[in-house]
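Here's the structure we're looking at; comments come further down.
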Amino acid sequence: MKNINSFYSLASVCVASLLLFSCSQAGGEQPGSEFMPDMAHSVAYEANYNTYYYNNTWGSEEEYEKMAGPRKPVNGTVARGHIPYAYKNLEQFRESSNESFTELQTKAAEVALKDATLVNSINPTNKEDLEKVLVHGKELYTVACAVCHGKKGDGNGSIYNAGNGPYSAAPANYLTDDLINASDARYYNAIMNGKGQMQSHADKLNEEERWKVIHYIRSLQADKKGLDYFEQMGATASKNLTLKEAFAKMMEENEKAVAASLETTTNANDSAATASPAQGKAMAVKLDNVLYSTGLAVLKQTSYQTLQELLEILNMYPSIKIEIGGHTDNIGQPNTNMQLSEDRARSVFNYLVSEGIAKDRLSFRGYGESSPIATNNSEAGRRQNRRTEVKIVK
Ligand code: HEC
């Protein structure tokens, strides 16, 4: 009996205080409060959309409208972490925002910011890091995009609901070929500027978050196609570079690294100078079609075309030294794989020597299964991991 009484008195105190404190007017330094305000003013339909609420006594309708929208930074200041975005909401920029800034500049003088070839600035290099990016990307996507674009990215979110929902414009379906083949820049542009009925979401996500969401959307597309997203990322990174182009690029990176390290030595007393970021990060190039008989270090016939090209490159740049690296997948014993990868790298070394390249310009090394570039859980991934690479060591 006593318990029931105290329950009732506690409950009535709660109800009374809820009634007393749930709604209060703003004034002085108090922002005021409203009982479950988001139920009356849902932002799910449109980012920053404001429906005037007659019970609102905080200010006039115009004032409230102003308060509901995102604020511009104070004149002359730049928000911490803000990265300027040069592309206006025009069809021509949507199509071209992955072009280099120089190209854009000739198109429109009004675009006046930085060099902005837009590529995803978050590039996880192993599966675990990618997983973290995707977990966060999914959270953000679920909050900011899924009501319209759907949990699976099929454009059928809960508020559109195949045209039966309260939101009438059809959101883009990411799983169409058009959007699968679209550049990352087009996605970024959609977030920054919105498109059609979609408003800008620039103030909903910061730079890093936008790219995470884009990674997540890309992973939905890969899932749809039954592909492994991690492998897909690797595939686009080295896309369409011929061996010669790849070498030219490596030479350029090396020159940059040398220039950077020279700068570090001359500025040795300057506390701001740190070790060159390019150091220890030598880029390696995979030799396409250099293949061996299963379990052996014997080069297959298909290998010679690429090796011929490599010979030409070595003759073209007589001062460079290269390392040939052998890699395997993770099937079998690690020790055996290490040995096999070394033997395979040695086969390439021997071939290049037999074709007249000086021994002191070449070295070889077996990496075994230690540096996969794709997953070992699928045949496609293992095929990528079994590879021979070269990198410039001097
Ligand atoms: C309120 C609903 C809504 C929300 C929320 C929303 N979008 Fe959209 N989005 C749309 C609509 C509608 C379109 C189709 C616009 C058109 O083609 O006219 C669209 C189109 C797009 C496109 C295609 C643009 C193009 O170039 O064709 C992309 C990419 C996109 N949205 C990304 C996102 C991302 C990322 C988010 C979350 C940060 C998001 N959207 C949130 C409604 C929404």
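The values are calculated or read from the model by the stated rules, or taken from the named source; none is laboratory data. In this text the structure is predicted, and so the values were computed from the model without any measurement. Counting neighbours? That spans all protein chains shown, and the Cβs are built from the backbone with ideal geometry, glycine included.
Identify, from the list ASN189, ASN161, the residue that is polar (S, T, N, Q), closer than 24 Å to ASP223 by Cα and touching a strand residue (DSSP E or B) at 6+ places or on another chain (Cβ under 9 Å).
Working: ASN161 fails: touching a strand residue (DSSP E or B) at 6+ places or on another chain (Cβ under 9 Å).
Exactly one of ASN189, ASN161 is polar (S, T, N, Q), closer than 24 Å to ASP223 by Cα and touching a strand residue (DSSP E or B) at 6+ places or on another chain (Cβ under 9 Å), namely ASN189.
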| task | Please specify each residue of the stretch 181-211 satisfying the condition of being assigned to a helix (DSSP H, G or I) and under 25 Å from GLN384 (Cα atoms). | result | ASP184
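Conditions tested, residue by residue: (1) loosely packed, with under 12 Cβ neighbours inside 10 Å; (2) closer than 15 Å to SER347 by Cα.
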| site | (1), (2) |
| --- | --- |
| MET283 | no, no |
| LEU287 | no, yes |
| LEU307 | no, yes |
| LEU310 | no, yes |
| LEU314 | no, no |
| SER319 | yes, no |
| GLY326 | no, yes |
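Among the residues of the stretch 225-248, is there at least one that is in contact with a strand residue (DSSP E or B) (Cβ under 6 Å, 6 or more places away or on another chain) and more than 15 Å from the ligand (Cβ to nearest atom)? Before the answer, list the steps.
Step one: list which residues in the stretch 225-248 are in contact with a strand residue (DSSP E or B) (Cβ under 6 Å, 6 or more places away or on another chain), which gives 246.
Then keep just the ones that are more than 15 Å from the ligand (Cβ to nearest atom); that gives 246.
Yes, the conditions are met somewhere in the stretch 225-248.
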| Is at least one residue of the stretch 161-175 touching a residue at least 24 places away in the same chain (Cβ under 8 Å), surrounded by fewer than 19 Cβ atoms within 10 Å (Cβ to Cβ) and touching a Cys at 6+ places or on another chain (Cβ under 8 Å)? | yes
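Inside the stretch 313-331, can you point out the residues that are of a type in the set (A, V, I, L, M) and closer than 18 Å to PHE364 by Cα? Talk me through it step by step, then tell me what you get.
Going through the stretch 313-331, the residues of a type in the set (A, V, I, L, M) turn out to be 313-314, 316, 320, 322, 324, 331.
Listed by number, the residues that qualify are ILE313, LEU314, ILE320, ILE322, ILE324.
Please tell me if GLU231 is touching a helix residue (DSSP H, G or I) at 6+ places or on another chain (Cβ under 8 Å) and farther than 22 Å from GLY69 by Cα. Spell out how you get there, then give the answer.
On the way: touching a helix residue (DSSP H, G or I) at 6+ places or on another chain (Cβ under 8 Å): yes; farther than 22 Å from GLY69 by Cα: yes.
Spelling it out, GLU231 is indeed touching a helix residue (DSSP H, G or I) at 6+ places or on another chain (Cβ under 8 Å) and farther than 22 Å from GLY69 by Cα.
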| request: Go over the candidates TYR187, TYR141 one by one and state the one that is of a type in the set (Ser, Thr, Tyr), modelled with pLDDT of 95 or more and within 17 Å of the chain's Cα centre (by Cα). | output: TYR141
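Residue-wise test of (1) over 33 Å from the mean Cα position of the chain (by Cα); (2) modelled with pLDDT under 90.
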site: VAL285; (1), (2): no, yes
site: VAL298; (1), (2): yes, yes
site: GLU312; (1), (2): yes, no
site: LEU340; (1), (2): yes, no
